[in-house]
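Reviewing the structure listed below.
The values are calculated or read from the model by the stated rules, or taken from the named source; none is laboratory data. Because the structure is predicted, anything quoted here is derived from the model rather than measured. Every residue, glycine among them, receives a Cβ derived from its backbone with ideal geometry; neighbour counts consider all protein chains shown.
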Amino acid sequence: MLGQQYLENPKFQDYLTSHFVLFRADRTQKQGEEVFNKFSIRATPTVLILDPDGSEVDWHVGYGPPAEKFNDQIDKSYKGIETYKSYADSYAKNPRDVAVVFGLAKKHDRRYNQEKAVALYKEAIALDPDGKGGTTEYGKIKVPNTQYAEYQIGQLSLFGMKVDAEPMKAFVKKYKSGEMVKSAYQRLAMYYSRSGSKEEAAKFFEDAIANAPNDPQVVSAFARKAITSKENIDKAVELGEKLVESQQYNTDPSNVRDLAELYVTKGDTAKADEVYGNEFMDGKASSLAYNLIQYATFWSSKSMNHESALAMAELATKLKPGEEYYIRQAANACCAMKKYDKAIEFYGPKYIDKFMSDANKLGSYANFWGSQGNNLESALQAAKKAVELAPAVPSGWGSLAIVYQKLKKNDEALKAGEKAVELAPENQKSYYKNRFDSLKKAMEAK
Amino acid sequence: MKRQLIGLAVLAMFASTAVAQNWFKGSLDGALAKAKSENKKVLVDFFSPT
C-alpha cells in the first residue's frame with residue numbers, strides 16, 4: 001500500500017526525486033537483506049531517511065492513508081522537525097529536557113528498540129513524575145506524557161524480549177480508569193490467557209472481570225483461560241452469554257465461538273450447536289451477501305469501482321446460490337453498468353429455464369427484463385408462460401404489457417395492460433391503473 | 001473517444017515505467033554518494049513482499 005499510494009504514485013515523484021535519492025532494500029534480494037540487517041529493521045513497511053554520510057535522520061514504521069498526510073511526515077523529516085536526529089542532538093546537549101527525552105523515547109519505541117525506549121521513558125518519568133511536562137496523543141484523546149510513558153513501559157515489558165507483567169499491573173493500579181486503563185486490561189488479559197502462574201492469572205481475572213465485565217477482549221481472554229485450564233467454566237459461560245446477548249443482532253463470531261467452545265468443554269455439544277451451528281453461520285453469510293449486494297448496487301450507478309462492484313455481486317450470488325433476490329440484484333447492478341451479457345449470465349434464459357412452471361418467478365423475470373428493455377425475447381416467453389399458468393393473476397399480465405411495449409407491439413401491450421387492471425383486486429386497482437397510464441404515455445412518447 | 005482512451009493507456013504505461021526508473025540501481029553506498037553530489041538525502045524503503 002505504501003508503494004502504490006505514495007512511493008510509486010506519480011503525484012509525489014517530483015517532490016521525492018527532488019529531495020531524495022530513492023533506494024529500495026528488498027528483503028528477497030541478498031543486497032536488500034544486508035541493508036535490513038545493517039539497520040536492524042524488525043517490521044515493514046519502514047522508511048528510513050539518511051544523510052549522505054550514512055547517519056540516520058529519522059524513520060517511519062508502518063503506513064496509513066491518506067498519502068498526503070504521509071508526505072507531510074516525510075517532509076517534516078527532511079526539514080529536521082521532530083526527527084530522531086534532532087532529538088538525539090538535543091539530548092546530547094541537555095539530557096534533562098523532558099520533552100526531548102520523551103520524544104526520543106517515542107522514536108525508539110516506534111522502531112521496536114525495547115531496551116532503549118524503556119530506559120528513556122523511565123528517564124522522562126523521573127524528570128516529570130507529576131505529568132505536568134506536556135501531553136501526547138493516544139488515539140483520539142490527549143494524555144500526559146508521563147502516563148503515556150508508564151503505559152508504554154507496561155506494553156513493551158509485557159510483549160518484549162524479557163516479559164514482565166508488573167509494570168502494566170502497576171499502571172492499572174495507579175490510574176484505575178480511562179481509555180488507557182481499558183487498553184491495559186485488554187493487554188493483560190491477552191497475556192494471562194496463556195501465561196503467568198495459575199494464582200496470578202486467577203487474581204488478575206477476578207479484578208479484570210469486576211472492572212470490565214462487558215469488555216469483549218477481557219471476556220474472550222477469560223474464556224480462553226477457562227478452556228485451557230478447565231476451571232471457572234460456569235463463570236466464563238455466564239460472562240460469554242451476557243456479552244453475546246448484549247451484541248444482539250450484530251454478534252461477533254469470535255465471541256460466539258468462544259461460548260460454543262465453553263459449552264463443548266462442559267460436555268454440552270447440543271448447546272454449542274444451538275449458538276454456533278449452521279443457522280448462525282447461515283445468518284452471517286446472509287448478512288455478508290446483503291452487504292455485498294448493497295455495495296455492488298451503490299457503485300454500479302457511479303462512474304468508478306465497477307470491477308469491484310461486479311466482483312462483490314458475484315461473491316454474493318456464490319454465498320447464497322440459487323437465491324433469486326441476490327441473483328436479480330446482481331443482474332440489476334450489471335445492467336446499471338451496461339454489462340448486459342454479464343447480467344444475462346446471472347439472470348438470463350439458463351436461469352429461468354429451471355422455473356418454467358413457476359408463474360411468480362416467470363412474471364418477476366419478465367418484469368425485470370421488460371423494465372431493462374433487454375433480453376426481450378426470453379422475457380416475452382416467460383411472460384406468456386406466466387399468464388398461461390396463472391391467468392387470473394394481474395401481475396403476469398402487467399409484466400406481459402411492459403414487455404410488449406418494449407417490443408413496440410402496442411396493441412398487444414394495451415390489451416395485456418387492460419387485462420391487468422380488470423383482474424386487479426380493489427385495493428390494487430389504482431396501482432395497476434397507474435402502471436397502465438404510464439405504459440400508454442410511454443407509447444405516445446415514442 | 002477510442003483514440004483518447006488509447007492515448008491515456010499509453011500515458012499510464014509511460015508513467016509507470018518512469019516511476020520504476022526512480023529507484024536507485026546499485027548499492028546503498030552508491031546511493032549515499034549520489035545524494036552527496038546532488039545535495040539530497042537518501043530515502044530507504046524497507047520492502048518485504050506479502
Exercise. Inside segment A:374-426, can you point out the residues that are under 45 Å from the mean Cα position of the chain (by Cα) and loosely packed, with under 15 Cβ neighbours inside 10 Å?
Worked result: A:377
Seminar exercise, completed: Per the filter on segment A:346-364, residues crowded, with 16+ Cβ neighbours inside 10 Å and either farther than 19 Å from residue A:432 by Cβ or modelled with pLDDT under 95 (or both) are A:346, A:347, A:348, A:351, A:352, A:355, A:358, A:361
Exercise. Could you say which residue among A:307, A:324 is among the acidic types (Asp, Glu) and in contact (Cβ under 8 Å) with a residue 40 or more places away in the chain?
Worked result: A:324
Problem set entry | Any pair with Cβ under 9 angstrom, 6 or more apart, that starts in segment B:26-46 at a residue that is within 7 Å of chain A (Cβ to nearest Cβ) and among the small types (Gly, Ala, Ser) and ends at one that is outside any strand (DSSP E or B) and surrounded by fewer than 19 Cβ atoms within 10 Å (Cβ to Cβ) | B:27/A:31; B:35/A:51; B:35/A:52
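For segment A:115-137: of the residues being within 23 Å of residue A:163 (Cβ to Cβ) and basic (Lys, Arg), which is surrounded by the most Cβ atoms within 10 Å (Cβ to Cβ)?
Start the filter on segment A:115-137 by keeping residues that are within 23 Å of residue A:163 (Cβ to Cβ), which leaves A:115-125.
Narrowing the set further to residues that are basic (Lys, Arg) leaves A:116, A:122.
Numbers: A:116: 14, A:122: 16.
So, considering only residues that are within 23 Å of residue A:163 (Cβ to Cβ) and basic (Lys, Arg), the one surrounded by the most Cβ atoms within 10 Å (Cβ to Cβ) is A:122.
Sort out which residues of segment A:220-265 are among the β-branched types (Val, Ile, Thr) and either in contact with a helix residue (DSSP H, G or I) (Cβ under 9 Å, 6 or more places away or on another chain) or under 18 Å from residue A:287 (Cβ atoms) (or both), and write them in order of number.
Listed by number, the residues that qualify are A:227, A:233, A:237, A:244, A:251, A:256, A:264, A:265.
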For this session: Mind counting the residues in segment A:183-199 that are within 13 Å of residue A:168 (Cβ to Cβ), modelled with pLDDT under 90 and assigned to a helix (DSSP H, G or I)?
Result: 0
Seminar exercise, completed: Within segment A:138-151, the residues that are in a loop (DSSP other than H, G, I, E, B) and either crowded, with 20+ Cβ neighbours inside 10 Å or at pLDDT 95 or above (or both) are none
Exercise. Only one of (1) in contact with a Ser or Thr (Cβ under 6 Å, 6 or more places away or on another chain); (2) closer than 25 Å to residue A:202 by Cβ is not met by residue A:144, so which one is it?
Worked result: (2)
Problem set entry | Conditions (1) surrounded by 15 or more Cβ atoms within 10 Å (Cβ to Cβ); (2) farther than 22 Å from residue A:383 by Cβ; (3) modelled with pLDDT of 95 or more; number of the one not met by residue A:305 | (3)
Problem set entry | Filtered residue count, segment A:1-38, keeping only those that are at the interface with another protein chain (Cβ under 7 Å from one of its Cβ atoms), more than 20 Å from residue B:30 (Cβ to Cβ) and of a type in the set (A, V, I, L, M) | 0
Exercise. From the list A:223, A:272, A:236, which residue is buried (at least 18 other Cβ atoms within 10 Å of the Cβ), of a type in the set (Gly, Ala, Ser) and more than 20 Å from residue A:189 (Cβ to Cβ)?
Worked result: A:272
Exercise. Among the residues of segment A:225-248, how many are more than 14 Å from residue A:202 (Cβ to Cβ) and assigned to a helix (DSSP H, G or I)?
Worked result: 13
